[in-house]
Amino acid sequence: MEEENKFDYKQFIGFALIALIAVYWFNTTKPTEEEAAADAEAQKAKTEQVATQNADATKAAIVKESTLDLSDSTQLANYKNASGAFGYNAGKVSMDKITTLENDLLSLKISNKGGQIVEARVKGQLVKGEFQPLVTYDSLPVYLVKDGNASFGLNLMTTDNRLIDTKERAFEPTYSENGDSKVLSMKLKVAADKYLEYRYEIKDDYMVDFTVRSQGLSGVINTSQPVNMEWKLKSFRHAKSVTYENRYTDLHYEYDDGKDSYLGQAADEEKINDVTWLGYKQHFFTSILLTDNAFKTATVTSNNIVDSEMPEKDVKFLKEFGATVPLELKGGELNYTMDLYHGPTDYDTLSSYDRNLDEIVPLGWGIFGWINRFFLIPLFGLLGSFLPAGIAIVVMTILVRLLLSPITYKSYLSQAKMKVIRPEINEINEKYKDDAMKKQQETMKLYGKAGVSPMAGCIPALMQIPVFYALFMFFPSAFELRQKSFLWAEDLSSYDTIYKFPEGFSIPLYGDHISLFPILASIAIFFYMRMTTGQQMSSMQQPTQEGMPDMSKMMKYMMYFSPLMMLFFFNNYASGLSLYYFVSNLITIGIMLVIKNYIIDNDKIHAQIEENKKKPKKQNRFQKKMQEMMEQAEAQKKANGKK
């Protein structure tokens, strides 16, 4: 068994050489700096052309088509009749005009019809003090709201029993500037000094001050009926992989004085109380509505609208979100101070607002989230400040593995000790092969005398799980990896592709492409498991007890099953995550080879074990309890035998 599972250094060296050759080949076949610069310029020109198309100056109003023509006398009369008192603006305000509010980071277009945002474009972000434009996977501008995918409005009942939907009413715009702030007031009037107002104020930020208030409407609004605020949005697709992006697209909310939660991936609806913000997350971008005074109740819905039968290239929307919030009237008037956020789902950006918005970023619960917040995110931020993203991942991997190397050493040392006492365990197994209880007692006595614990090798491995899971949550959520290239991977936040299957062909659970990083990571984990599994089986080898599974066979199956599972699972995951696992396993193999060949001395371990046997051993409370239980079981067995 030991010879069969012996680690083959020649195979490992051969694999390492193949990996280096592959890396070298892909690196040398990359475009030259001149070609890359030309491509970047072409992409930038395309982005600017699309972004500026149909755009005007900040104060400009853009005329668009409308389904309602108030210049038509018949339509105007119908509008006034349906609007009642709220028809004051009819004929005075054009329904088909749009006002643009924008800064360097965000552009908003607000329509007179409904006074609502009809277009929200995230223009870019500041990185190390420099502006970087943001585009989608196909180099188009990042729109969160456009072409009617979102709506915002109030539904209210008037005292003359008219149901008013503000989304269909004409608001009067008033634009002004106050220092660095740009302000747009949208008023739905019932008289010159009586109105419902939406007030937008934008500064040099993704966050927009948003106020909903009324003046002089106490005699117009029926206070016995609820005033419902409705906010809906269909999330756009922004990434290459529909499945991957949709997995991280969901609705989040904060409620009950600081608690946060979210709706699941399937169709879901929930009624919540004391809501302080609602967030529609589209993986790397999010739209959030915040309120200073908590909404007493809200009903939120999420619905997956991706058609699994539709080809990925035709998918435009991922999920449909909705929220219905009853607003409270005070003295017959509305007065809500809120904020609107349209921007990146970036941990540092969201946490800077000190409103618990960073909970939208899925970093894991409990200890997993702490590891991400206080270790991995600061570490990667530091490395990324002076290194390219791919190199930063490699360096971070090295640092993490070195930090965990003492745990690796403890685990390997435990396995070495078990291997040294294996002949004595085999003797016990042979001597008491017909008495399982006695065999277990003698084995435990041997462990106690030798100072060896069979669990000592498992505990160090368990201690690494929180770090591994934290990393698993970190990479898909790291905005810093979005559209950052490394070697052949064009985007470390998405899968890398070295071969695309013909259109219409896809392997179930694998996908329509082949990614290289998962292949390399799977090969590396195979060699790692072959090395560790062989060591464990040689140290644990003993006859299988009746009714118990053969652990050696199970470990052998896992040695082949785990890499295969990883190959399929990670083919559609972020290439940055596969890069980490590839480098991590290579480094771990190297550390274990150093420990085995230069640090661990089997003769010294054997001598130490023999020395431990000579020392009197004092049992702790747990060991005493186990010994008593075994003795009681043995006595019971003998008593049953006599009967």
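Here are the numbers for this structure:
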quantity: Solvent accessible area, Å² - M310, 1.4 Å probe, full protein context; calculated: 80
quantity: The stretch 111-191: radius of gyration and largest Cα-Cα distance (Dmax), Å; calculated: 17.6, 58
quantity: Net charge of Cβ neighbours under 15 Å - reference L387; Lys, Arg +1; Asp, Glu -1; calculated: +1
quantity: Highest average packing first - 199-208, 217-226, Cβ atoms within 10 Å; calculated: 199-208, 217-226
quantity: Under 5 Å, built H, 5+ apart or other chain: amide partners of T136; calculated: V142
quantity: Gain upon complete extension [N155, S351; 0.36 nm per residue less C-alpha separation]; calculated: 67.2 nm
quantity: K330 paired with I465, simple spin-label distance in nm, labels 7 Å along Cα-to-beta-carbon; calculated: 5.0
quantity: Label-to-label distance, nm, for residues given as L163 and A191 (7 Å Cα→Cβ offset); calculated: 2.8
quantity: Förster radius 51 Å - calculated FRET efficiency between L509 and A82 (Cβ-Cβ, nearest 0.05); calculated: 0.40
quantity: Cα shape, the stretch 165-312, gyration tensor, a/c 1.5 rule; calculated: prolate
quantity: Modelled FRET efficiency - R0 30 Å, D180 with L140, Cβ distances, 0.05 increments; calculated: 0.55
quantity: Net charge of Cβ neighbours under 13 Å - reference Y573; Lys, Arg +1; Asp, Glu -1; calculated: -1
quantity: Net lengthening on full extension, F501/Q132 (0.36 nm per residue, minus Cα-Cα); calculated: 129.5 nm
quantity: Those GluC sites (Glu not before Pro) in the stretch 475-507 that DSSP places in a loop and that have at most 13 other beta carbons within 10 Å; calculated: E503
quantity: Debye equation applied to the C-alpha atoms of the stretch 235-361, log10 I(q)/I(0) at 0.13, 0.19 Å⁻¹; calculated: -0.55, -1.04
quantity: Alpha-carbon centroid distance for the pair the stretch 313-379 / the stretch 208-282, whole angstrom; calculated: 10
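The values are calculated or read from the model by the stated rules, or taken from the named source; none is laboratory data. Every value quoted in this text rests on a predicted model; they were computed, and no experiment measured them. Reconstructed Cβ throughout: ideal geometry from the backbone, glycine too, with neighbour counts over all protein chains shown. Just the protein is used for accessible areas: all its heavy atoms, side chains included, with ligands, DNA and RNA removed. Shrake-Rupley method; radii C 1.70, N 1.55, O 1.52, S 1.80 Å.
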